[in-house]
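The values are calculated or read from the model by the stated rules, or taken from the named source; none is laboratory data. Note that the structure is a prediction, hence the values are computed from the model and not measured. Cβ placement follows ideal geometry from the backbone for every residue including glycine, while neighbour counts extend to all protein chains displayed.
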Amino acid sequence: MIPAPVAFVVSAFFGLCVGSFLNVVIARLPASKSIVHPGSACPHCGILIAWYDNLPLLSYLLLAARCRTCKQPISWRYPLVEFSTAGLFLLASVRFGWSVQLFSAFVLLSMLIVITGIDFDYQLIPDVLSLPGIALGLLFSLATGQIGWIDSALGVVVGGGVFVAIIAGSVFVLGQPGMGVGDVKLGAMLGAFLGWKLVLLSVLLSVLVGGPLAAALLATGRKGRRDPVPFGPFLALGGVVSLFWGDAVINWYLGQFLN
């Protein structure tokens, strides 16, 4: 057995390294570029970044957030993704311990971080992430035994079905879809990993957070009625909360009626 403090440090360091790679995926996947070759380069001058300037978080601080060659600013997103990944991996290690379920959480969290970054920029949730994610969620449900494959399969149907219903209803009422097909697949992916109960909680949380924000953007004129508002990041946030605290939230809610 690995001592808990060591496991926490290893998980956080692993998260930093994975976060650095996720930055590459976020930048290259929408452009259909290879995520393994060539090496990372400055987006301004195109010079390849040396390994000592590509250390997660540390290089950003040592370089004062500027490219060593052209002195152009380095986007704050790079350290944010690295730090967020490290923090979430650490939290997962605390929550699940050193187990298969921890590895499942690492995979889900990584995919949600990439989807959030891409959806913010392009209002796009790539099929190459969500569709394999559904299969992985089903496989992990078998490997961990945490929710069971029936619950996982129901989660796929419920998670995707909620957004199919929303799209159908918005087309009927407004004459245009209120969600993208990518949201359907992301909902199904979350359902595969979390099961039908927690994916419903994820959807509820995402609506509670994303709904008021979208209304505020419309009210202030920053977004028009036909302008797309990426919903994937809110659904990803709901999925993260449900992954870590979903069971506790559901038990607390039901307890309000049973006590």
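Within the range 45-68, at least one residue is at negative phi, in contact with a His (Cβ under 9 Å, 6 or more places away or on another chain) and assigned to a loop (DSSP other than H, G, I, E, B). Yes or no: residue 152 of a type in the set (Ser, Thr, Tyr), in the same structural domain as residue 235 (by TED's automatic domain parsing) and closer than 18 Å to residue 235 by Cβ? Criteria met by residue 152. Here 75, 34, 20, 40 are screened, and the one residue that is among the polar types (S, T, N, Q) and buried (at least 19 other Cβ atoms within 10 Å of the Cβ) is 20. Would the range 150-161 turn up any residue that is among the β-branched types (Val, Ile, Thr), modelled with pLDDT of 95 or more and over 20 Å from residue 200 (Cβ atoms)? So far as the range 150-161 goes, no, none of its residues is among the β-branched types (Val, Ile, Thr), modelled with pLDDT of 95 or more and over 20 Å from residue 200 (Cβ atoms).
Against the condition crowded, with 17+ Cβ neighbours inside 10 Å, outside the structural domain of residue 84 (by TED's automatic domain parsing) and either without any contact (Cβ under 8 Å) to a residue 40 or more places away in the chain or not in a helix (DSSP H, G or I) (or both), how does residue 189 come out, does it pass? Here the answer is no, as residue 189 does not meet what is asked.
On inspection, residue 183 does not qualify as among the acidic types (Asp, Glu), in contact (Cβ under 8 Å) with a residue 12 or more places away in the chain and under 25 Å from residue 253 (Cα atoms). Residues of the range 12-38 that are of a type in the set (Gly, Ala, Ser) and in a helix (DSSP H, G or I): 12, 15, 19, 20, 27, 31. From the list 112, 138, 129, 91, the one residue that fits, being touching a Ser or Thr at 6+ places or on another chain (Cβ under 8 Å) and either without any contact (Cβ under 8 Å) to a residue 24 or more places away in the chain or part of a helix (DSSP H, G or I) (or both), is 138. Of 207, 249, 240, 181, all but one fail to be at pLDDT 95 or above and among the aliphatic types (A, V, I, L, M); the exception is 240.
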